[in-house]
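Data first, discussion second: the structure below is written as C-alpha cells.
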Amino acid sequence: MKPRDATRRSFLGTGALAGAAWTACTAPEAEAPAEPDQPSSLGTPVSRYGQRSPYEKAARGVRESQTPEAASSRTPLDQTYGIITPSALHFERHHAGVPEVDPATHKLLIHGLVDRPMAFSVDDIKRLPSVSRVHFVECSGNSGGEWSPAGAPTVALSHGLASCSEWTGVPLRILLEEAGIQPEAKWILAEGADACLMQRSATLEKALEEGLVAYGQNGEAIRPEQGYPMRLILPGWEGNTNVKWLRRIKLTAGPQYVKDETSKYTELMEDGTAWIFTFEMDAKSVITAPSGGHTIDGPGFLEISGLAWSGRGKITQAEVSTDAGQTWAEAELQTPVYSKAFTRFRLPWEWDGSETVLLSRCRDESGYLQPGRAELIEERGRKSAYHCNRIKAWRIAADGSVTNAEA
Amino acid sequence: MLKPSLLSVSILLGLGAAVVSAQSYGVGRSASAEEVAAWDVTIGPEGHELPEGSGTAKDGAQVYEVRCKECHGEEGVGGDHAALIGNPAQLKETPPVKTVGSYWPYATTLFDYTRRAMPFEEPGTLTADQVYAVTAYVLYLNGLVGEDDVLDRESLPQVVMPNREGFVRDPR
C-alpha cells in the first residue's frame, strides 16, 4: 500500500471535537519505504458486523446538558463524504430520550377522520409496496447561532443539525387510504412512542404527496436514535415534523397547535407576531472542506467541497467565492442530484498562500437564491431563532488556519 | 368488507387505472374503539377532547411545589428551565421572552402538553385533576384566572390567552 506517487495528498485529521486538523502534506520523495511492500502476516478473519478502522475517530458533537435526554448532537459534516451521512453520525434531537421499542409489539394506529381506524404492525408495514428515497433531515434550529454576526467556529457547530440518508418505507398515502380518508380531513397529527409522546401537525396534502413511513435507513433498519422501528419522513420539512418512533396518526380538520408548533418552532418577527407552520427548509449551502478548525498545510492545489440542500426541491446551482465575495465560480454538482437531499459540490482551487475568505451560495429549482445575513435579517428581523440559512464564510489566514468569518 | 386480492390490484396497476388509490391491500387490521380511546390523548385548541376532572390554582400551587418548582422556579420564574410567566409586550424585547403568558395561543394545549410531557422525568404521571390544577396555577400566576376559579373541560377552553391572535401563517 505505497503512495501512488509523490503528488500532494490530503487526509482528514482525527480530533473532530477538539478542533479538526485538515492537512495537505507532501509525500516523501523516492525514499526507501518505511514499511515492507507486502504484509508478512494474515489480517483479521471475517466478522458478523463490520466496524470502522480504528484510525477513524469522527464523532457527533455533544454538548454538556442538564437534560441530555432533551438535547441534540451534531453531525461532523466535515468528516463525511459524498451526500450520505453515516447512520451512526446522523444528528440527534430528542425531547424525552431514545425509547427502546420492541418491533414485535410496536404498532402504528391511524384514526380520526377515517372510515375505519386501522392498526399496522411492523410486519404489516413491510408487506406493503415500498420506496427508497434520499432526503435530508434538518432541525429548523440548525445554524441558529448564525443569526449573530459571530457565527459558529466549526461546520459541525454551525450546520451539524442536518444529515442525509436513504430512507426506505411505505408511502403514507397507502396507509391512510387503507383507513379511508374522509372529506373533512385536511391535517394529520403524528405522534411518537417516546416518553413525552412528541407530536406535530402537518397538512394532509403533504402527507399524501410525499409522506413516508420509513423503517430503513442507509440499507439497514433505522437506528434507535432515528426512530426505530419506524419514523415519519416529510421531505424538506423542518426536522421536528419527521416524527420518530411513529406510533399514531390522527386525521383532523385543522392543526392541533401543539407545544412544539407554537411555543417552539415558530418565527417571531420584530412586531411581535410570529409565523406559524414554517414547514419548508430554505435552500442552504456550506463549505465543509476546508472549514473552521482545519489547517491547510501550505499553498498549492486544494479541492473545495461542500454541501447544499433545499426543502423546495433540487439544488440547481452552487457557487463558491475564494475572494470574499468579489467573484463567484460555479462549483460542480455531484450527480445524480436528488430532490430535498444533500447535494455535494466541488471546486478545484489553487491556494496562493495569502489570506482570503471562502463563501458558498446555492440556488434551488424554485429559483430561490441563498441569502446573505443582511438580506435574511431584512426579511425576518433578529428575533427568530430558527430557519437561519444565510451564507457562511470561512477565513483562511496566511498560516493556513481556517476560522469563522463574517459573510 | 370485501378486499380485492393483490392480484386484482396489480391488474389495475397494469391497466394504469386511476382508481388504484382506492384499492385495499388487505394488510393491517381494524382498530377497536377501546384501542383508539386508550391512545387518543390529543387535545386540540377548542378543547373538545378534554377529560373529566377539575382543579383550582390554589390546589395547583401544591402540585407545582412538589412536581414543577425544581425546574421552573418559584412562582414560574428563575428556574433553570422554561420560564412560565410573562406578557406579549415582552416579545418585542431583546432577546424576546417567550413564556406561557407571553406566547402560548391556547390554554387547552397547555393542558395537553403538561398532561403528556410533564414533569420532564416522569411524563404522563399527573392525574387529570392535578393537570387542571397546575394549569390553573400557571394561568393564575399570569393573571389570567382567579385563585379560586375552577378549571374543567367547560371552563378551560374559555380562557383567552393574551397572544391568541399573535400567530400568522408562514407568508413565504
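To keep it simple, each residue is scored yes or no on (1) assigned to a loop (DSSP other than H, G, I, E, B); (2) in contact with a Pro (Cβ under 7 Å, 6 or more places away or on another chain); (3) more than 9 Å from every other protein chain (Cβ to nearest Cβ).
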residue	(1), (2), (3)
B:A89	no, no, no
B:V97	yes, no, yes
B:Y103	yes, no, no
B:T109	no, yes, no
B:R115	no, no, yes
B:F120	yes, no, no
B:T125	yes, no, yes
B:Y137	no, no, yes
B:E165	yes, no, no
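Of note, B:D152 satisfies the criterion of being acidic (D, E) and touching a strand residue (DSSP E or B) at 6+ places or on another chain (Cβ under 9 Å).
The set of residues in the stretch A:151-194 being closer than 16 Å to A:S291 by Cβ and assigned to a strand (DSSP E or B) consists of A:A162 alone. Of all the listed residues (A:P171, A:P149, A:P153), the sole one being within 14 Å of chain B (Cβ to nearest Cβ) and in contact (Cβ under 8 Å) with a residue 24 or more places away in the chain is A:P171.
Residue by residue through the stretch A:329-350, note down the ones that are under 22 Å from A:H90 (Cα atoms), of a type in the set (A, V, I, L, M, F, W, C) and not in a loop (DSSP other than H, G, I, E, B). Within the stretch A:329-350, A:F345 is the sole residue that qualifies.
Would you check if there is a residue in the stretch A:292-301 being of a type in the set (F, W, Y) and in contact (Cβ under 8 Å) with a residue 40 or more places away in the chain? Full working, then the answer.
Narrowing the stretch A:292-301 to residues of a type in the set (F, W, Y): A:301.
Checking the rest, the ones that are also in contact (Cβ under 8 Å) with a residue 40 or more places away in the chain come to A:301.
Yes.
Please work out if B:Y113 is hydroxyl-bearing (S, T, Y) and touching a Gly at 6+ places or on another chain (Cβ under 8 Å). For B:Y113, the condition - hydroxyl-bearing (S, T, Y) and touching a Gly at 6+ places or on another chain (Cβ under 8 Å) - is not met. The residues of the stretch A:357-407 that are surrounded by 14 or more Cβ atoms within 10 Å (Cβ to Cβ) and in a helix (DSSP H, G or I), listed by number, are A:R373, A:L376, A:I377, A:R380. The single condition among (1) part of a loop (DSSP other than H, G, I, E, B); (2) at the interface with another protein chain (Cβ under 8 Å from one of its Cβ atoms) that B:E49 does not meet is (2). The set of residues from the stretch A:197-214 being within 14 Å of another protein chain (Cβ to nearest Cβ) and farther than 26 Å from B:P45 by Cβ comprises just one member, A:V213. For the stretch A:243-261, a residue qualifies if it is in contact with a strand residue (DSSP E or B) (Cβ under 7 Å, 6 or more places away or on another chain) and either assigned to a strand (DSSP E or B) or within 7 Å of chain B (Cβ to nearest Cβ) (or both), and the qualifying residues are A:L246, A:R247, A:R248, A:I249, A:K250, A:L251, A:T252, A:Q256, A:Y257, A:V258.
Quick note: the coordinates plus some simple rules give every number you see, no bench work behind them. Note that the structure is predicted; figures quoted are calculated from it, not measured. Using ideal geometry, Cβ is built from the backbone for each residue, glycine included, and neighbour counts are taken over all protein chains shown.
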